[in-house]
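Single-structure report; data block below.
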Amino acid sequence: MHADAFPRALYRTQQVRAIEQAATAGGIAAATLMERAATAAWRLLQRRWPQARRINVLAGPGDNGGDGLWLAALARQAGRSVNVCELAPATARSTAAAQARALAQQAGVVLSDAPDSLPDADLHIDALFGIGLSRAPQGLAAQWIAALNAQRAPVLTLDVPSGLDADTGAAPGEAVRATATLSFVAWKRGLFTGRARALCGELVLDPLDLAPAGMPGPDAWLLDPPRLPPRARDAHKGAFGHVLVIGGSQGFAGAARLAGEAALRCGAGLVSLATCAAHAAAIAAQRPELMAHAVESVDQLAPLLARASVLAVGPGLSQSAWAQALLAAVLADGTPLVLDADALNLLARAPRPLPLGCVLTPHPGEAARLLACEAKTIEIDRFDAARALGARYGAVVVLKGAGTLVAAPDGRVEVCPQGNPGMASGGMGDVLTGVIAALLAQGLPAWDAARLGVSLHARAGDAAAARGERGLIASDLFAPLRALVNADE
């Protein structure tokens with residue numbers, strides 16, 4: 001793996017443990033790694049909270065607790081007032097963690113054995129569990145985490161917020177809400193999706209001077225989208241594809257229009273809409289660049305399919321007989337397509353082979369229906385769910401949500417680190433469908449169109465949220481989408 005790709009690589013906890021074990025087998029003592037982790041944390045603490053005079057460390061029973069104890073020693077040696085709340089007795093510690101505890105004692109750190117309450121502090125250090133916990137915290141640990149989340153002082157987490165599953169991004173019980181998380185050795189894949197987006201705060205990585213050249217292949221990657229090539233000066237609209245949006249059943253014209261306008265704003269040469277008769281005239285009047293057609297039957301859809309190079313199916317489609325007939329015709333046609341919303345729900349009811357170059361864009365509820373499970377199962381392990389969907393349907397899958405995942409049928413997964421809670425509003429998924437369809441129409445393969453589309457959509461959402469997340473609506477993304485898709489050329 002190339003060194004400059006290292007920050008994008010995401011690992012499972014067993015891989016990180018293997019890296020650490022290889023380092024110790026190669027002659028780097030466990031105590032040396034602990035000292036490096038503590039030193040990295042001390043540097044971050046000085047940079048972020050230079051005025052923090054009272055520091056409280058929550059130290060768990062494992063080596064994560066040892067990192068916290070060593071950090072406590074460094075902070076005390078620098079003149080800070082430091083208290084450590086120890087979750088486990090000293091006799092339960094590893095050799096390296098016991099050494100860290102002895103250093104803390106020698107430095108004059110106050111060691112509190114399993115106190116019932118947390119002391120007041122300017123800064124709390126979460127060194128309870130790190131990557132060592134994949135179940136809900138119990139007993140005193142859960143009590144401390146709840147107390148930590150209830151107080152107002154900032155929290156620095158060492159490696160992984162305690163209570164967060166580092167592999168999945170799920171939190172089955174109480175979990176620390178950190179102000180910042182300093183991850184060691186390599187990024188853990190669970191830090192970037194699901195509940196992690198609300199728990200990690202600022203994310204910082206320190207590899208602890210372990211060379212990336214000897215590291216195993218990652219499990220996933222942070223999103224690294226491709227770029228569109230510059231347009232030729234003699235280009236014409238036919239060179240950039242014709243997107244046909246199929247949807248907008250009675251009462252849902254807005255969804256189809258949002259998808260169509262997003263496709264226009266992202267560079268599709270032509271965009272048509274196949275929608276119910278009640279909406280066609282209004283859409284054409286509101287956005288004349290969209291060629292809106294009243295389609296009441298498969299026969300009326302056929303000539304539109306013949307002219308389209310990419311289909312975007314599902315926004316406002318409904319699950320009516322009309323919708324079922326149109327979807328069946330689309331899947332039989334074989335044109336590359338993006339399936340969203342009710343197109344996915346209909347596919348889940350009646351699975352069938354999909355054309356090559358297909359992109360599915362489910363939210364967790366739709367993903368659960370496609371996999372015949374419950375939505376909570378999807379959120380327990382979003383990586384496994386995205387991979388299962390890609391394999392089952394032979395398509396590129398965009399599993400939407402906090403930390404959207406893009407999965408290929410062969411198991412490749414990339415995670416989007418952008419996006420914000422303001423995007424949790426109606427129509428955002430319709431815009432994403434149009435964005436991806438436009439990129440397919442401009443010649444990108446499904447994997448690249450999905451990755452670039454997710455990135456553009458999330459970054460546009462972040463740009464649009466500059467004036468605040470509340471009140472952000474899907475059409476607010478159009479202006480930043482146009483700017484970003486041109487900046488990416």
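Accessible area per residue for region 313-386, computed on protein heavy atoms with a 1.4 Å probe, is 36 Å².
Counting pairs of alpha carbon atoms under 8 Å apart in space and at least six apart in sequence, what relative contact order in percent does the chain give?
Numbers: 1104 pairs, mean separation 61.2, N = 489.
The normalised contact order for the chain reaches 13 percent.
Where both bridge residues fall in region 138-269, DSSP classifies roughly 0% of the beta bridges as antiparallel.
In what order, largest first, do THR404, THR24 sit by accessible area if the probe radius is 1.4 Å?
Numbers: THR404 20, THR24 60 Å².
Per-residue accessible area, sorted high to low, gives THR24, THR404.
May I ask for the angle, rounded to the nearest 10°, between helix 277-286 and the longest principal axis of the chain, with both axes built from Cα atoms and the value confined to 0 to 90°? Helix 277-286 sits at roughly 70 degrees to that axis. Distance between the pseudo-spin-label points of LEU140 and GLN106 (7 Å out from Cα toward the beta carbon): 2.6 nm.
With the charge dipole of region 39-88 set up from +1 on Lys and Arg Cβ and -1 on Asp and Glu Cβ about the Cα centre, the Cα lying farthest toward the positive end among the listed residues GLY65, CYS85, LEU45 is that of LEU45. Between the amide H of ALA402 and those of GLY194, distances stay under 5 Å, these residues lying 5 or more places away or on another chain, with hydrogens modeled in the peptide plane.
Coupling constants for region 195-206 follow from the phi torsions by the Karplus curve (6.51 cos²θ - 1.76 cosθ + 1.60, θ = phi - 60°), and in residue order they are 5, 4, 5, 9, 10, 7, x, 5, 9, 10, 10, 10 Hz; glycine and proline get x.
Hydrodynamic analysis of the chain uses the Kirkwood radius over alpha carbon pairs. Inserted into Stokes-Einstein at 4 °C and 1.567 mPa s, it gives a translational diffusion coefficient of 54 µm²/s. Taking amide H atoms as placed 1.01 Å from N in the peptide plane, the amide H of VAL84 lies under 5 Å from those of VAL57, VAL110, LEU111, SER112, each 5 or more residues away in sequence or on another chain.
The packing ranking of peptides 190-200, 102-112, 34-44, 310-320, highest mean first, is 310-320, 190-200, 34-44, 102-112, where packing means the average number of other beta carbon atoms within 10 angstrom of each residue. Taking the 1.4 Å solvent-accessible surface of region 349-465 as the whole, the part contributed by carbon and sulfur is 58%. In the context of the full set of protein chains, residues of region 27-70 present 38 Å² of accessible surface per residue (probe radius 1.4 Å, heavy atoms only). Taking the C-alpha atoms only, the angle from helix 382-393 to the longest principal axis of the chain is near 30 degrees.
With N residues in region 276-421, what two-decimal value do you get for its Cα radius of gyration over 2.2 N^0.38 Å?
On the way: Rg = 16.2 Å, N = 146, 2.2 N^0.38 = 14.6 Å.
That works out to 1.11 for region 276-421.
Ellipsoid semi-axes for region 353-489, based on the Cα gyration tensor and the rule √(5λ), read 24, 18, 11 Å when sorted largest first. The Cα-based radius of gyration and maximum Cα-Cα distance (Dmax) for region 117-172 are 11.1, 32 Å. DSSP assigns beta bridges within the chain; of those with both partners inside it, close to 15 percent run antiparallel.
Over all pairs of different C-alpha atoms in region 265-308, the reciprocal of the mean inverse distance, the Kirkwood hydrodynamic radius, equals 11.0 Å.
Per-residue extension of 0.36 nm, minus the Cα-Cα distance of GLN319 and ARG307, leaves a gain of 1.8 nm for this segment.
A Förster radius of 45 Å combined with the Cβ-Cβ distance from ALA114 to ALA348 puts the calculated FRET efficiency at roughly 0.35. Per residue, how big is the convex hull of region 422-465 when only Cα atoms are used? Give it in Å³. Given the Cα convex hull of region 422-465, per-residue volume reads 57 Å³.
Overall, the accessible surface of region 28-85 at a probe of 1.4 angstrom is composed of carbon and sulfur to the extent of 47 percent. Test of understanding: extend the Cα→C-beta vector of LEU203 to 7 Å, then name every residue of region 382-411 with backbone N under 15 Å from that spot. Backbone N within reach: 382-383, 401-406.
Using Stokes-Einstein with the Kirkwood hydrodynamic radius over Cα pairs, what translational diffusion coefficient do you get for region 72-217 at 4 °C and a viscosity of 1.567 mPa s, in µm²/s rounded to a whole number?
Values: Rh = 16.1 Å.
Here the translational diffusion coefficient equals 81 µm²/s.
Note on ARG233/ALA483: beta-carbon distance plugged into 1/(1 + (r/R0)^6) with R0 of 25 Å gives a FRET efficiency of 0.75. If the chain linking ALA332 and GLU374 were pulled fully straight, counting 0.36 nm for each residue of separation and taking away their Cα-Cα distance, it would gain 12.2 nm.
Report, as a whole number in µm² per second, the diffusion coefficient that Stokes-Einstein gives for region 215-347 at 25 °C and 0.890 mPa s using the Kirkwood radius over alpha carbon pairs.
Numbers: Rh = 15.7 Å.
Rounded, D is 157 µm²/s.
Max-minus-min Cα coordinates of region 303-373 on each principal axis give 37, 25, 19 Å, with the largest extent listed first. For LEU164, nonlocal amide neighbours, meaning residues 5 or more places apart or on other chains whose placed amide H falls under 5 Å from its own, are VAL176.
Helix 321-333 axis versus longest C-alpha principal axis of the chain: approximately 90°, rounded to the nearest ten.
Taken over the alpha carbons of region 332-371 as equal point scatterers, the Debye sum produces base-10 log I(q)/I(0) values at 0.20, 0.21, 0.24 Å⁻¹ of -0.55, -0.61, -0.78. Here, P(r) means the percent of Cα pairs in each 10 Å bin from 0 to the largest distance; for region 22-96 it is 19, 48, 27, 6.
Using mean Cβ contacts within 10 Å as the protection proxy, how do 272-284, 453-465, 292-304 order, highest first?
In descending order of packing, they fall as 453-465, 272-284, 292-304.
Which net charge results when you count Lys and Arg as +1 and Asp and Glu as -1 among the other residues whose beta-carbon is under 12 Å from that of GLY427? Mind showing how you got there, number by number?
On the way: positive: ARG257; negative: GLU261, ASP340, ASP430, ASP476.
So the environment of GLY427 carries a net charge of -3.
Shape analysis of region 16-143 yields a ratio of the Cα radius of gyration to the Kirkwood radius, Rg/Rh, of 0.96. Determine the distance separating the Cα centre of region 310-329 from the Cα centre of region 144-187; give it in Å without decimals. First find each Cα centre; the distance between them is then 43 Å. Region 276-302 and region 361-423 have Cα centres lying 32 Å from one another.
The values are calculated or read from the model by the stated rules, or taken from the named source; none is laboratory data. Quick caveat: nothing in here was measured; it's all calculated off a predicted structure. Reconstructed Cβ throughout: ideal geometry from the backbone, glycine too, with neighbour counts over all protein chains shown. For accessibility, only protein heavy atoms count, side chains too; no ligands or nucleic acids. Shrake-Rupley method; radii C 1.70, N 1.55, O 1.52, S 1.80 Å.
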